[in-house]
1. Could you tell me which residue of the stretch 298-340 is surrounded by the fewest Cβ atoms within 10 Å (Cβ to Cβ), considering only residues that are part of a loop (DSSP other than H, G, I, E, B) and basic (Lys, Arg)?
2. For residue 200, state whether it is assigned to a strand (DSSP E or B), crowded, with 24+ Cβ neighbours inside 10 Å and assigned by TED's automatic domain parsing to the domain that holds residue 150.
3. Take residue 118 and decide whether it is touching a strand residue (DSSP E or B) at 6+ places or on another chain (Cβ under 6 Å) and either surrounded by fewer than 22 Cβ atoms within 10 Å (Cβ to Cβ) or not assigned by TED's automatic domain parsing to the domain that holds residue 201 (or both).
4. Would you kindly identify the helices (runs of 4 or more DSSP H) lying entirely within the stretch 107-191 that contain at least 3 residues that are within 26 Å of residue 327 (Cα to Cα)?
5. Only residues in the stretch 182-203 that are among the hydroxyl-bearing types (Ser, Thr, Tyr) count as the first member; pair them with residues that are in a loop (DSSP other than H, G, I, E, B) and surrounded by 20 or more Cβ atoms within 10 Å (Cβ to Cβ), Cβ under 7 angstrom, at least 6 apart or cross-chain, and list the lot.
6. Report yes if residue 343 is within 25 Å of residue 131 (Cα to Cα), assigned to a helix (DSSP H, G or I) and of a type in the set (Ser, Thr, Tyr), otherwise no.
7. Scan the stretch 273-285 and give yes if some residue there is touching a residue at least 60 places away in the same chain (Cβ under 8 Å), assigned by TED's automatic domain parsing to the domain that holds residue 172, farther than 27 Å from residue 69 by Cβ and more than 20 Å from the chain's Cα centre (by Cα), otherwise no.
8. Yes or no: the stretch 181-193 includes at least one residue that is surrounded by fewer than 23 Cβ atoms within 10 Å (Cβ to Cβ), at pLDDT below 95, among the charged types (D, E, K, R) and out of contact with any Gly (no Cβ under 6 Å at 6 or more places or on another chain).
Amino acid sequence: MASKKSKQFDPVGTLQDIESKFEMFQVLNEEGEIVNKDADPNLSDEELQELMRRMVYTRILDQRSISLNRQGRLGFYAPTAGQEASQIASHFALQKEDYILPGYRDVPQLIWHGWPLHQAFLFSRGHFKGNQMPEGLNVLPPQIIIGAQYVQTAGVALGLQKRNKKAVAVTYTGDGGSSQGDFYEGINFAGSYRSPAIFFVQNNQYAISTPWELQTSAQTIAQKAVAAGIPGVLVDGMDPLAVYAVTRDARKRAVDGEGPTLIETLCYRYGPHTMAGDDPTRYRTSETDSEWEKKDPLVRFRKYLEAKDLWSEEKENEVIEQAKEEIKAAVKQADNTPKQKVTDLMEIMYDEMPQNLKEQYETYKAKESK
């Protein structure tokens, strides 16, 4: 009788073998050159130009939002510069019927999904009308609680699955969010039911001031998908073509009944965590900033399009001027929105107001009428 070959007990080797398989996926290098022809998503010239237009517009929106915040004309704001490829290219692979469950930095995806710009400004100001989404817009308001949107996404994805909808639920968090319990619960639940979800972790290197290496001893966040039994992808988050390609693939598999995907986009936020007093110079070096500036997704994509004669300084300036005009109009519309009152909040909170609030309602109504 042939003896069975014994296997060496090597848990460390098993871990190292798994980690070695999570290599960063890239299509476009820092010089705007295709380095992975087989993975090129082959977007049309018009699609490439539209993707660039949205990325440029989003960079201007970020710059103007920072200025408005400093002027006291916006409230809470989390800068997005540096994450345009991660945010906009991933959204570019989605469809209108898909649901987006964003984190607080993911306002751009909501805007390109159909959230009116003036409502985004109202949301930042804490006005309840900012959260009143237009009919047919499949989004939830930006989630402030870190990682909570992951569990919600698993639920929305299960609902789409039960209703046989050819759509996906998509969510975003940062590297810090991957340390939350909701992160694991969300990917595990969706994996168990093979629900149509795409979970993004935008690894912009810092959870406020904490470098991502201190979030986990794992070599990648993408490998955490293994524990949930779902595919995980590590992608160059500064490369719009790579981000688009992996998102399109994940969406197709999801609507085909193959379950969720965890996508880690390696990127960088050029600004502070939020405009609420964070100072990135206290925990980041100028050398690190300079190194990541060389990977700027707009610069990289601009070089690629210019080489194909699809982009020019004139085209970019047209987008910049359009963005400035539309932002100016949206701010004016937000300014002209009636100020919210205490009684407004009472009226929209309950179908039938409790007796104790009815009494308070009359008190506030009298004050507001003066």
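The values are calculated or read from the model by the stated rules, or taken from the named source; none is laboratory data. Note that this is a predicted model, so its numbers are computed, not measured. Because the Cβ atoms are built from the backbone with ideal geometry, glycine has one as well, and the counts that use them run over all protein chains shown.
1. Here the residue is 339.
2. yes
3. No, not satisfied.
4. 107-113, 117-124
5. Hits for this filter: 195/259; 195/260.
6. yes
7. No.
8. no
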